[in-house]
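> Sharing a structure below in structure tokens format, with a few things to ask.
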Amino acid sequence: METTVCPWCDTEIVWDEEFGPEEYCPHCNNELKGYRTVNVTGDDLEDELEVKEDTDEESVNDDDLWDDSEKDGVVPIFNTLEQFRDDYDLQKYEQNSSAILSQQEEAPECPQCHELLLLAGTQEVNQFDPSTPAVLGGPVLKAPFSLNVFVCPSCFHVQHNLAQKDRVQLVRNLSIGS
């Protein structure tokens, strides 16, 4: 039997050779095949244990204290939500977040912690200095337009994207160009 580690939720998935490998994580339903998936065999685990036994606790390198996500330009978020545990019901928080996500038409993934983002509302942009590429002979996007504002329920990262009604304006402007 082989073990696969889900790159999204870090869950070990053991699959039976008779049925073959899982295509999707049974815990978070994300795809398991591809370049981001880690397959771990018993030999790999034994090698890792030998390496850990060889290192002394006193010779800990500062680079080993951070996981690989920092190397990709993403800063790890630790216990951001936990600071509210004493004052608020985080179980209810999670239930309400899930209910909101189930009603959203789109839910982008947080670039920080990979949770799904909650649509918090829209922001009207009235002042905007548009660029006018020579190819188009007009602006790519003109004010006023709206942005969807998404918030991560885990790390509170905020992200914007163009509201659906204004996407038509952008597509129209780019498709009419000279």
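> Let me know the charge dipole size of region 98-178 about its Cα centre in debye, to the nearest 20, where only the beta-carbon of Lys, Arg (+1) and Asp, Glu (-1) is charged.
So the magnitude is around 300 debye.
> What is the extension gain from VAL140 to THR11, computed as 0.36 nm multiplied by their sequence separation minus the C-alpha to C-alpha distance, in nm to one decimal?
Value of the extension gain: 42.0 nm.
> Here is a follow-up. Can you give the FRET efficiency to the nearest 0.05 for LEU170 and GLU94, using r as the Cβ-Cβ distance and R₀ = 41 Å?
E between LEU170 and GLU94, to the nearest 0.05, is 0.70.
> If you don't mind, another one. Just to be sure I understand the model, the point goes 7 Å from the Cα along the line to the Cβ. What's the resulting GLU106 to GLU23 distance in nm?
Calculated label separation equals 2.6 nm.
> Kindly report the accessible area of region 95-163 per residue (heavy atoms of protein chains, probe 1.4 Å, no ligands, DNA or RNA), in Å².
59 Å²
> Mind ranking 6-13, 129-136, 89-96 by how tightly packed they are, going by the mean number of other C-beta atoms within 10 angstrom, highest first?
Listed from highest to lowest mean packing, they are 6-13, 89-96, 129-136.
The values are calculated or read from the model by the stated rules, or taken from the named source; none is laboratory data. As the structure is a prediction and not an experimental result, all values here were calculated from the model. We place every Cβ from the backbone using ideal geometry, glycine too, and count neighbours over all the protein chains shown. Please note that ligands, DNA and RNA were not included when accessible areas were found on the heavy atoms of the full protein model with its side chains. Shrake-Rupley method; radii C 1.70, N 1.55, O 1.52, S 1.80 Å.
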